[in-house]
Amino acid sequence: MRQNLLVLAIMIASASLCVAQEMLPIQSSGVTTIDVTVKKMKVKVTIHTVRIDRTNPLFPYPKDGWYPDELSVLQSLQIAVDGGEAIQLPGSALPSQWDPNWASIRFEKGDFSLEILGGDASLSTMARVYFDKKRVKRVVGYDPFGENRPVWEGRYLKVKPAEYN
């Protein structure tokens, strides 16, 4: 009986630490808006994508071979929590996020995270943007093939604006 209560307590505690929302599709070109309520806070994420082909200098793969002829790239992201000012993030903040297909928002350990899955098969990508009401804290690219291991990370620090006299 005691063991069952302990297992139940652990399950309840872990459920309260992480609140996740289902994966939602991202348009291959244009604007995708995700509006969710997580932990009684309204989160709005706007994802801007654009299609590029092999002739574009930003195309990430060699011009020959088995790579796709075109793919989507993230142009920008805007994140707003509880109607606050939108946090702007350029697509270049997610350097390896090609062909974004799916996104979800979760609340974990006091912060939000936006997870973006992209690519296909061996060209799969996975990145998370960690943020709170006021700022993006970090952006992490993960190995999408298991172990949930970071392969790159960008941190955003609070700094005071420079004062010029």
Env charge @ A103, Cβ radius under 15 Å, K,R +1 / D,E -1, value -1
So the number of lysine pairs in segment 19-155 with alpha-carbon atoms under 28 angstrom apart, 8 or more residues apart or on different chains, is 19
Once phi for every residue in segment 80-86 is put through the Karplus expression 6.51 cos²θ - 1.76 cosθ + 1.60 (θ = phi - 60°), the whole-Hz ³J(HN,Hα) values, with Gly and Pro written as x, are 10, 10, 6, x, x, 4, 5
Filtering GluC sites (Glu not before Pro) in segment 15-112 by DSSP loop and by at most 16 other Cβ atoms within 10 Å leaves E22, E85
Honestly segment 30-81 on the Cα gyration tensor test (a ≥ b ≥ c root eigenvalues; a/c under 1.5 rounded, otherwise a/b vs b/c for prolate or oblate) is just prolate
Of L114, L123, L94, the most mobile residue in a GNM of the chain (C-alpha springs, cutoff 10 Å) is L123
Rounded to the nearest 10, the angle in degrees between the Cα long axis of helix 2-17 and the longest principal axis of the Cα atoms of the chain comes to 40
Magnitude of the Cβ-charge dipole (Lys and Arg +1, Asp and Glu -1) of the chain about the Cα centre, nearest 20 debye, reported as 840
Here the relative contact order (percent) of the chain, from C-alpha pairs under 8 Å and at least 6 apart, is 16
Which of (1) 1.05; (2) 1.14; (3) 1.23 gives Rg/Rh (Cα atoms, Kirkwood Rh) as computed here? It is (1)
With DSSP loop assignment and no more than 15 other C-beta atoms within 10 Å, the trypsin sites (Lys or Arg not before Pro) in segment 105-139 are K109, K133, K134, R135
Exposed chymotrypsin sites (Phe, Trp or Tyr not before Pro) being those in a DSSP loop with at most 13 other Cβ atoms within 10 Å, the longest stretch of the chain free of them is 67-144
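Bear in mind these aren't lab numbers, they're just calculated from the coordinates by the rules spelled out. Not measured: the values here are computed from a predicted model. Ideal geometry is used to build each Cβ from the backbone, glycine not excepted, and the neighbour counts take in all protein chains shown.
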